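Here's the structure we're looking at; comments come further down.
The values are calculated or read from the model by the stated rules, or taken from the named source; none is laboratory data. This structure is a prediction, so every number in the text was calculated from the model and none was measured. We place every Cβ from the backbone using ideal geometry, glycine too, and count neighbours over all the protein chains shown. What goes into the accessible areas is simple: the full protein's heavy atoms, side chains included, and nothing from ligands, DNA or RNA. Shrake-Rupley method; radii C 1.70, N 1.55, O 1.52, S 1.80 Å.
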Amino acid sequence: MLKGRWRFFWGRWGNAGEVVLEEGDIFNIPTGIFRGFENIGTDYGMIMAILGGDDAGGGVIWAPQVIEDARDHGLVLGENGKLYDTKKGQSLPDGIKPMPLLTEEELKAFPETPVQEVVRDYVARYWDLMALAQKAPAKVIGEKALLRDKPGFEVELLTRGSIPEAAYVNERHEVLMVMRGHWELAWDGGASVLAPGDTCAVPPGLQHSLVPAMTGEASLYRVVATGEKAGRTWRG
């Protein structure tokens, strides 16, 4: 959560559980559950999302009542996963049928995950991570991280003192998502200052350094590819 205060809810009817997240918190949403979210703050809100590579593991599935509610407003979901607004003159292309509604039997395959399990296994709070990251990166998502999963990448939170100022090389894709403060990213022949909300893709094999460029609170999420394919949430 980069900005704002957000409520996440899940289950077919959105009432299986809910959790409120503040700025900096991270939610590793388990696959295979119906979910929704809304900004419940009084100001601008922004979420930064991470998906597992070019293929995040499948398309979006809508609960039957959502498709029906959309239809009442002139929106038709095609079997190709695209939404068409009939009030704007759009219609399904030739050969594309409306998305069929899931049957009651098919709906049994979608879990109503208890809130106790979700908060315990899939939510990490920002200030806890900041405490863990004082002298080394806080491992947030990964096989041996706080939130145990293998979605095709690992996520760490860095703050001042998490890593040395010396340059390093990562042989896999690295993505930097700045949470707080300004960070200087430097490499042979160039440098750039990253601000909150910025996202930077660092090419594999590039030697680079990463240090806070100002005093005060500084934090960013570092995402590194693992080479594994994205898929259903790993249970260990």
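The residues of region 74-95 that are surrounded by fewer than 13 Cβ atoms within 10 Å (Cβ to Cβ) and touching an Asp or Glu at 6+ places or on another chain (Cβ under 9 Å) amount to a single one, Gly74.
Among the candidates Leu75, Leu101, Leu21, which residue alone is out of contact with any Cys (no Cβ under 6 Å at 6 or more places or on another chain) and in contact (Cβ under 8 Å) with a residue 60 or more places away in the chain? Exactly one of Leu75, Leu101, Leu21 is out of contact with any Cys (no Cβ under 6 Å at 6 or more places or on another chain) and in contact (Cβ under 8 Å) with a residue 60 or more places away in the chain, namely Leu21. Looking at Ala124, is it touching a residue at least 12 places away in the same chain (Cβ under 8 Å), buried (at least 17 other Cβ atoms within 10 Å of the Cβ) and in contact with an Asp or Glu (Cβ under 8 Å, 6 or more places away or on another chain)? It is true that Ala124 is touching a residue at least 12 places away in the same chain (Cβ under 8 Å), buried (at least 17 other Cβ atoms within 10 Å of the Cβ) and in contact with an Asp or Glu (Cβ under 8 Å, 6 or more places away or on another chain).
Taking first residues from region 161-174 that are within 10 Å of Ala225 (Cβ to Cβ) and partners that are modelled with pLDDT under 95 and not aromatic (Phe, Trp, Tyr), the Cβ contacts under 7 Å between residues at least 6 apart in sequence or on separate chains come to Arg172/Ala225; Arg172/Gly227; His173/Ala225.
When you check Gly24 against the structure, is it open to solvent by less than 60 Å² (accessible area, probe 1.4 Å), part of a loop (DSSP other than H, G, I, E, B) and modelled with pLDDT of 95 or more, yes or no? Answer is yes for this residue. For region 27-51, filtered to residues that are within 12 Å of the chain's Cα centre (by Cα) and not in a loop (DSSP other than H, G, I, E, B), the residue that is surrounded by the most Cβ atoms within 10 Å (Cβ to Cβ) is Phe27.
Scanning region 130-146 turns up one or more residues that are in contact with a Lys or Arg (Cβ under 6 Å, 6 or more places away or on another chain) and surrounded by 12 or more Cβ atoms within 10 Å (Cβ to Cβ).
When we screen Tyr126, Tyr122 for residues that are touching a strand residue (DSSP E or B) at 6+ places or on another chain (Cβ under 8 Å), among the aromatic types (Phe, Trp, Tyr) and under 21 Å from Pro196 (Cβ atoms), the only hit is Tyr126. Scanning region 182-210 for residues that are assigned to a strand (DSSP E or B), open to solvent by 20 Å² or more (accessible area, probe 1.4 Å) and within 19 Å of Gly24 (Cα to Cα) yields a count of 2.
Among the residues of region 151-179, the ones that are open to solvent by less than 60 Å² (accessible area, probe 1.4 Å) and out of contact with any Pro (no Cβ under 6 Å at 6 or more places or on another chain) come to 16 in all.
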